[in-house]
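The values are calculated or read from the model by the stated rules, or taken from the named source; none is laboratory data. Just so it is clear, the model here is predicted, and its values are computed rather than measured. Neighbour counts are summed over all protein chains in view; Cβ atoms, including those assigned to glycine, are modelled from backbone coordinates with ideal geometry.
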Amino acid sequence: MLAFWNAHSENPGKVLFLKYEDLKEDVVSNVKKIGEFLGCPFSSEEEENGVMEEIAKICSFESLKNMKVNKNGHVYGVVKKSSFFRKGAVGDWSSYLTPAMAERMKKLMEVKFRGSGLMFEI
């Protein structure tokens, strides 16, 4: 992750770095940002007609989670495809980590990301 962050910091025109928390906070603005980054900005007509909102809806966690292709079957015959989707909620990690594990993760991130400018809320 830090390598991608550094690549983005060194050349933001070549590497787009989005955090899930930021994406969830404002999906439509980030859809616009992704379009611009890919060199395919939305026209004012597309913006007025709600194209970015429609893309956000189609690509939403709930929409992807409920697609038949993501609900059934296994990856390499081993891992259930449905196991790749939990709740899609920011902070859901706290349902899976004990407070001691969360504190350990926070300390590790502080050490690994120190001086990089990359920060996450824990």
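Counting only helices (runs of 4 or more DSSP H) that sit completely within segment 1-66, those holding 1 or more residues that are of a type in the set (A, V, I, L, M, F, W, C) correspond to 2-10, 20-25, 27-37, 51-58, 61-65.
Can you tell which of Ser29, Ser83 is under 28 Å from Glu121 (Cα atoms), modelled with pLDDT under 90 and small (Gly, Ala, Ser)?
Ser83
Within segment 37-89, restricting attention to residues that are within 20 Å of Val27 (Cβ to Cβ) and among the polar types (S, T, N, Q), the residue that is nearest to the chain's Cα centre (by Cα) is Ser60. The combined condition, being assigned to a helix (DSSP H, G or I) and of a type in the set (D, E, K, R), is not fulfilled by Lys87.
Got a sec? Which of Val51, Val27 is closer than 21 Å to Ala89 by Cβ and either surrounded by 14 or more Cβ atoms within 10 Å (Cβ to Cβ) or not assigned by TED's automatic domain parsing to the domain that holds Ser116 (or both)?
On the way: Val51 fails: closer than 21 Å to Ala89 by Cβ.
It is Val27.
Would you confirm whether or not segment 92-100 contains a residue that is among the β-branched types (Val, Ile, Thr), out of contact with any strand residue (DSSP E or B) (no Cβ under 8 Å at 6 or more places or on another chain) and either in contact (Cβ under 8 Å) with a residue 12 or more places away in the chain or not assigned by TED's automatic domain parsing to the domain that holds Ile122 (or both)? Checked segment 92-100: no residue is among the β-branched types (Val, Ile, Thr), out of contact with any strand residue (DSSP E or B) (no Cβ under 8 Å at 6 or more places or on another chain) and either in contact (Cβ under 8 Å) with a residue 12 or more places away in the chain or not assigned by TED's automatic domain parsing to the domain that holds Ile122 (or both).
Within segment 78-122, being surrounded by fewer than 13 Cβ atoms within 10 Å (Cβ to Cβ) and on the phi > 0 side of the Ramachandran plot holds for Gly91, Gly115, Gly117.
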